[in-house]
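Notes for the one structure printed next.
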Amino acid sequence: MNDTLVTVVGNVVDSPRRVSLTSGTVTNFRLASTARRYDSSTQQFVDSGTFWVDVECWNALSGNVSASVSKGDPVIVHGALTTHSWESENGSRSKPRIKAFAVGPNLSKGRALFTRDKTGRAEEATTAGESAAPHDTPEQDQFPSSIEELRSGRDYDVDAETLEQMNADLSPEPAHA
């Protein structure tokens with residue numbers, strides 16, 4: 001299969017919409033990406049055209065996107081570029097669409113607090129053909145309810161001594177002159 005893979009950097013222009021279908025859960029949103037270039041005659045940056053694209057996120061990505069992404073957020077989307085076509089009273093119409101494989105915040109525009117999805121290991125094992133352990137059953141929509149709960153999943157916040165123990169095990173490298 002020859003997918004056209006793209007990575008688009010832009011801003012979410014509408015609130016993500018999550019829908020449950022018989023084929024799975026999907027979250028859709030619209031993305032705008034405006035190119036900028038330096039105009040040497042005016043000695044300033046100017047905006048070029050804006051690329052508008054619909055983004056669709058399926059299953060586990062759907063839940064994470066709907067819980068994490070809001071209108072106006074700067075994001076990076078990686079996925080397969082497709083064309084959605086339909087017939088209207090004016091004839092054939094089409095527009096670009098990205099089936100997202102990954103969506104994340106654009107960290108050049110701000111900071112994010114990442115929380116690893118507890119169901120991720122069970123899904124990876126299932127897709128690799130292994131059976132998931134009974135205690136790894138996916139918990140649908142189990143998102144942290146507070147910032148403290150988000151931070152508690154970070155190993156260096158839970159046990160700060162762990163990093164010091166790791167540093168003690170490192171042998172110093174010789175200095176190069």
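The values are calculated or read from the model by the stated rules, or taken from the named source; none is laboratory data. Note that the coordinates shown come from a computational prediction; the quantities given were computed from them, not determined experimentally. Cβ placement follows ideal geometry from the backbone for every residue including glycine, while neighbour counts extend to all protein chains displayed. Just the protein is used for accessible areas: all its heavy atoms, side chains included, with ligands, DNA and RNA removed. Shrake-Rupley method; radii C 1.70, N 1.55, O 1.52, S 1.80 Å.
For residues in the range 100-132 being modelled with pLDDT of 95 or more and small (Gly, Ala, Ser), which is most open to solvent (accessible area, probe 1.4 Å)?
Per the stated criteria, the residue is 102.
Only one of these is within 14 Å of residue 79 (Cα to Cα), surrounded by 13 or more Cβ atoms within 10 Å (Cβ to Cβ) and not hydroxyl-bearing (Ser, Thr, Tyr): 54, 3, 14. Name it.
The match here is 54.
Does residue 49 meet the test of being touching a strand residue (DSSP E or B) at 6+ places or on another chain (Cβ under 9 Å) and open to solvent by 40 Å² or more (accessible area, probe 1.4 Å)?
For residue 49, the condition - touching a strand residue (DSSP E or B) at 6+ places or on another chain (Cβ under 9 Å) and open to solvent by 40 Å² or more (accessible area, probe 1.4 Å) - is met.
For the range 1-84, which fully contained strands (runs of 3 or more DSSP E) count at least 1 residues that are free of Cβ contacts under 8 Å to residues at least 40 places away in the same chain and out of contact with any Phe, Trp or Tyr (no Cβ under 9 Å at 6 or more places or on another chain)?
Counting at least 1 such residues, we get 17-21, 24-39, 44-58.
Within the range 17-40, take every residue that is farther than 19 Å from residue 67 by Cα and open to solvent by less than 40 Å² (accessible area, probe 1.4 Å) and give me the one that is farthest from the chain's Cα centre (by Cα).
39
Looking at residue 25, is it in contact with a strand residue (DSSP E or B) (Cβ under 9 Å, 6 or more places away or on another chain), of a type in the set (S, T, N, Q) and closer than 18 Å to residue 109 by Cβ?
no
Could you go through the range 103-120 and let me know if any residue there is of a type in the set (Asp, Glu) and part of a helix (DSSP H, G or I).
No, every residue in the range 103-120 fails to be of a type in the set (Asp, Glu) and part of a helix (DSSP H, G or I).
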